[in-house]
Amino acid sequence: MTRPTVYIIGAGLSGLAAAVALSERGWSIVVHEGARQAGGRCRSYHDATLDMMIDNGNHLLLSGNAAARAYCRRLGSEAQLVGPKEASFPFVDLADGATWTLRPNMGRIPWWIFRADRRVPGTKASDYLGLARLMRAGKSDTIASRMACAGPLYRALWQPLLLAALNTDPPESSAALAAAIIKETLAKGGAACRPLIAADGLGAAFVDPALRYLAAKGASLRFDHPLRRLKQENGAVQALEFSDETIALGPDDRVILAVPAPTAAALIPGLSAPTAFRSIVNAHFKMAPPKTLPPILGVIGATVEWIFAFPDRVSITISGADRLLDVPRDTLVATLWDDIQRATGITDPLPPWQIIREKRATFAATPEEDAKRPGTRSALTNLVLAGDWTDTGLPATIEGSIRSGNKAAAALAVG
Ligand SMILES: Cc1cc2nc3c(=O)[nH]c(=O)nc-3n(C[C@H](O)[C@H](O)[C@H](O)COP(=O)(O)OP(=O)(O)OC[C@H]3O[C@@H](n4cnc5c(N)ncnc54)[C@H](O)[C@@H]3O)c2cc1C
């Protein structure tokens, strides 16, 4: 007897998570990925300009990202996620040179807000209570309707943290998505918001171990094999059409569509999906960072928002960066290098560099776009959806995409 097959379309983290979750449940698994490599928006690659492996974007996780950590644990790569033992976020403000370290205490009771040496300079403990209104937000609320988007605490804490989490200007962002992130991290105390980064790159933490795991379980992966069309009849997928072949589905076969929102909407006419996106800009500078530079440094009052120190490079991230998409590369790199020098004290001339602008890095985390996100099940009886843009309750993040893959796998398990 042949086993029924699950065809997983897309080998980003949502597709990989679904494949890993299903790998021991008796299905034959075939993954079709349109690109030449797996990982999608979360990948490492060899950059020819720098002649080194880099990530398409610096990715930050928090220790409260339970699904992402469980996924790595299952693959044996959790040790790749590296961070301080306690939650600590050093910041520098380039407007006045002030430096501080935000240090939420480990337990759930947030006594850190009563300690001036742990909170944002110039703020009082009572300022932090404003968060309570945000935490009770409804699905249609923006952050601006639930929180004052001005003042020292907003500028030095909520603006940078929420922008990094939502990749959308906080005032227009969904308060419910912001609250969901905070509930799983900051509200659980410092133990759930230790920053974690993939020390040897995203590939080594999230992608390569999944490919090895799936190969060992007998799954097959086909790269450079984009799905062109879903042949539909009687409310179900009848066949998968690729440019070089058509695969007819058996009665017990299933499809997990784990492609980006615009591709899914093109493949399934009438599917509700986000249509507005925001970009992220990353830049990488090939040099050994100074020993005094922390692994992650938040920068306020500059174009650069976060500086990451890797052993062989200094990298920066700018979220919600649509305004920078058309800035000439030489002009942009001069601004970024100037910010880095002022934030870190580095005086070296500009080293070899690379700028990566991911135009559709994430869907815009506004209430309007959030309302368009579909659930796991689709109108097609034998197809389920996965991806960070499906209705995970979280913004577009690694945690959300892995959860969506797990949910898609669970939906198949219950038929
Ligand atoms: C620059 C950048 C920085 C980020 N920073 C963070 C961060 O700090 N923390 C965090 O948690 N998240 C971050 N994210 C978000 C995170 O990367 C994404 O949420 C996650 O990778 C999305 O995974 P996915 O599987 O849902 O989608 P994708 O990664 O988009 O995967 C979809 C896959 O489908 C493939 N595909 C497309 N069309 C077809 C087709 N027709 N047939 C077959 N395959 C197809 C694509 O090639 C791709 O591999 C960042 C994203 C970017 C771009």
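Points worth noting:
- Total residues in segment 229-251 satisfying the condition of being touching a strand residue (DSSP E or B) at 6+ places or on another chain (Cβ under 8 Å), closer than 15 Å to Leu380 by Cβ and assigned to a loop (DSSP other than H, G, I, E, B): the figure is 1.
- Residue in segment 312-322 that is within 16 Å of the ligand (Cβ to nearest atom), surrounded by fewer than 20 Cβ atoms within 10 Å (Cβ to Cβ) and over 19 Å from the mean Cα position of the chain (by Cα) present: no
- Single unsatisfied condition, Leu16 versus (1) within 12 Å of the ligand (Cβ to nearest atom); (2) outside any helix (DSSP H, G or I): (2)
- The lone exception for His225 - which of (1) within 18 Å of Ile8 (Cβ to Cβ); (2) in contact with a helix residue (DSSP H, G or I) (Cβ under 7 Å, 6 or more places away or on another chain); (3) part of a loop (DSSP other than H, G, I, E, B) it fails: (2)
- In segment 116-125 there is no residue that is at pLDDT below 85 and not acidic (Asp, Glu).
Matching residues to (1) away from the ligand (no atom under 14 Å from the Cβ); (2) without any contact (Cβ under 8 Å) to a residue 12 or more places away in the chain; (3) closer than 23 Å to Arg74 by Cβ:
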position: Glu172; (1), (2), (3): yes, no, no
position: Ala178; (1), (2), (3): yes, no, no
position: Glu184; (1), (2), (3): no, no, yes
position: Ala187; (1), (2), (3): yes, no, no
position: Gly203; (1), (2), (3): no, no, yes
position: Leu221; (1), (2), (3): no, no, yes
position: Asp253; (1), (2), (3): yes, no, no
position: Ala258; (1), (2), (3): no, no, yes
position: Leu267; (1), (2), (3): no, no, no
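- The strands (runs of 3 or more DSSP E) found entirely in segment 311-415 that carry 1 or more residues being within 17 Å of Thr168 (Cβ to Cβ) are 313-318, 353-363.
Condition check ((1) away from the ligand (no atom under 12 Å from the Cβ); (2) under 30 Å from Pro351 (Cβ atoms)) across all residues:
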| position | (1), (2) |
| --- | --- |
| His32 | no, no |
| Thr49 | yes, yes |
| Gly57 | no, yes |
| Asn65 | no, no |
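- Filtering segment 280-306 to residues that are within 14 Å of the ligand (Cβ to nearest atom) and either touching a Lys or Arg at 6+ places or on another chain (Cβ under 6 Å) or under 18 Å from Ser44 (Cα atoms) (or both) leaves Ile280, Val281, Asn282, Ala283, His284.
- Screening Pro274 on (1) crowded, with 22+ Cβ neighbours inside 10 Å; (2) farther than 26 Å from Gly15 by Cβ; (3) more than 11 Å from the ligand (Cβ to nearest atom); (4) not aliphatic (A, V, I, L, M) shows it passes everything except condition (2).
- Taking segment 61-86 as the range and being crowded, with 19+ Cβ neighbours inside 10 Å and either assigned by TED's automatic domain parsing to the domain that holds Gly122 or part of a strand (DSSP E or B) (or both) as the test, the residues that pass are Leu61, Leu62, Leu81.
- All positions within segment 253-290 that are outside the structural domain of Glu241 (by TED's automatic domain parsing) and touching a Leu at 6+ places or on another chain (Cβ under 7 Å): Ser279, Val281, Ala283, His284, Lys286
- Just one of the listed residues (Pro374, Pro351) is surrounded by fewer than 21 Cβ atoms within 10 Å (Cβ to Cβ), touching a residue at least 24 places away in the same chain (Cβ under 8 Å) and in contact with an Asp or Glu (Cβ under 9 Å, 6 or more places away or on another chain), and it is Pro374.
- Evaluating Leu162 against the criteria (1) more than 16 Å from the ligand (Cβ to nearest atom); (2) part of a helix (DSSP H, G or I) leaves one unmet condition, (1).
- Every residue from segment 23-54 that is of a type outside the set (Lys, Arg) and at pLDDT below 95: Ser23, Glu24, Gly26, Trp27, Ser28
The values are calculated or read from the model by the stated rules, or taken from the named source; none is laboratory data. Keep in mind that this is a model prediction, so the values were computed, not measured. FYI the Cβ positions are ideal-geometry reconstructions off the backbone, even for glycines, and counts take in every protein chain you see.
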